[in-house]
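**Student:** Shown below is the structure under consideration.
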Amino acid sequence: MKSIIKIYEENNALLNGHFILSSGKHSDKYLQSELVMMNPIVAAYAVAPLVEMLKSIDFSLVVSPAIGGIRFGYELARQLEKRAVFTERVNGVMALRRGFDIENGEKVIIAEDVVTTGKSTKECMAAVQERGAVVTAVASMIDRTGGAALFEGMPFFSLGAIDIETWEPKDCPLCKAGSAPIKPGSR
């Protein structure tokens with residue numbers, strides 16, 4: 001089995017440049033998961049090891065933050081034969097829309113393609129917990145936190161980790177060198 005980082009590289013999904021991340025921080029690398037998830041064969045192959053990791057977790061629903069986690073969450077749910085829904089921002093706050101419903105006490109896994117600061121994941125968790133759901137685990141393809149991701153004591157499963165430096169905009173060496181950042185993400 002190839003590493004998840006190798007899969008990103010082979011699908012030109014580990015980008016080099018000057019990027020504004022969804023956290024607002026800057027980075028010289030960006031993981032564009034949609035370039036991995038756009039091919040169903042590659043997506044199925046990439047997600048399969050995570051499915052094995054999650055088989056012992058009790059849950060009936062996969063919930064992902066929009067937009068980056070939608071296809072990843074769906075593929076994860078498909079392979080685990082569970083339902084999948086997603087949250088999206090409404091007036092800046094993550095919420096369930098589109099007629100998605102969660103039963104009070106329903107056990108869910110939060111699935112995010114790449115966890116950098118954990119902000120979107122935590123916002124997604126809060127949205128489902130407000131509906132009475134019980135979050136039993138968090139899953140991602142890639143952990144960019146250097147192992148620092150903490151989700152209220154939830155187990156955190158990831159296919160791989162990568163250490164990519166990030167900077168506050170005021171401290172960004174790329175900006176100081178005159179480079180203009182681009183925002184490839186959804187927030």
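What follows draws every value from the coordinates through simple rules; no lab data is involved. Because the structure is a prediction, the values reported are computed rather than measured. Cβ: placed from backbone, ideal geometry, glycine included. Neighbour counts: every protein chain shown.
**Student:** Sorted by average packing, counted as other Cβ atoms within 10 angstrom per residue and highest first, what order do 35-43, 118-126, 103-111, 176-184 take? Working shown, then result.
**Tutor:** Values: 35-43: 16.2, 118-126: 21.3, 103-111: 19.1, 176-184: 11.2.
Final packing ranking: 118-126, 103-111, 35-43, 176-184.
**Student:** With respect to the cross-link table entries LYS2/LYS122; LYS119/LYS170; LYS25/LYS119; LYS29/LYS119; LYS122/LYS176; LYS29/LYS82, which display a Cα-Cα separation exceeding 24 Å?
**Tutor:** LYS2/LYS122; LYS122/LYS176; LYS29/LYS82
**Student:** Can you tell me the relative contact order of the chain? Whole percent, Cα pairs under 8 Å, sequence separation 6 or more. Show your work: numbers first, answer last.
**Tutor:** Numbers: 373 pairs, mean separation 46.0, N = 187.
It comes to 25 percent, rounded to a whole number.
**Student:** Suppose the chain between LYS82 and GLU9 were pulled fully straight at 0.36 nm per residue; how much longer would it get relative to their current alpha carbon spacing? Walk me through the numbers before you get to the answer.
**Tutor:** Working: separation 73, 0.36 × 73 = 26.28 nm, distance 2.92 nm.
Length gained between LYS82 and GLU9: 23.4 nm.
**Student:** Sketch the reach of a paramagnetic label on ALA126 as a point 7 Å from Cα along Cα-to-Cβ, and name the residues of segment 75-92 whose backbone nitrogen lies under 16 Å away.
**Tutor:** So the set is 87-92.
**Student:** Follow-up. Please report the spacing between the Cα centers of segment 63-118 and segment 149-187 in Å, no decimals.
**Tutor:** 21
**Student:** Continuing with this model, one more query. Stretch ALA48-ALA161 to full length: gain in nm at 0.36 nm per residue minus the Cα-Cα span?
**Tutor:** On the way: separation 113, 0.36 × 113 = 40.68 nm, distance 1.67 nm.
My answer for the length gained is 39.0 nm.
**Student:** To continue, here is another question. Place a label point 7 angstrom from the Cα of LEU174 along the Cα-to-Cβ direction, then list the residues of segment 28-45 whose backbone nitrogen is under 14 Å away.
**Tutor:** From segment 28-45, the list is 28-32.
**Student:** Moving on to the next point. Check ARG83: other-chain or 5+ apart residues with amide H under 5 Å from its amide H, H built from backbone geometry?
**Tutor:** VAL62
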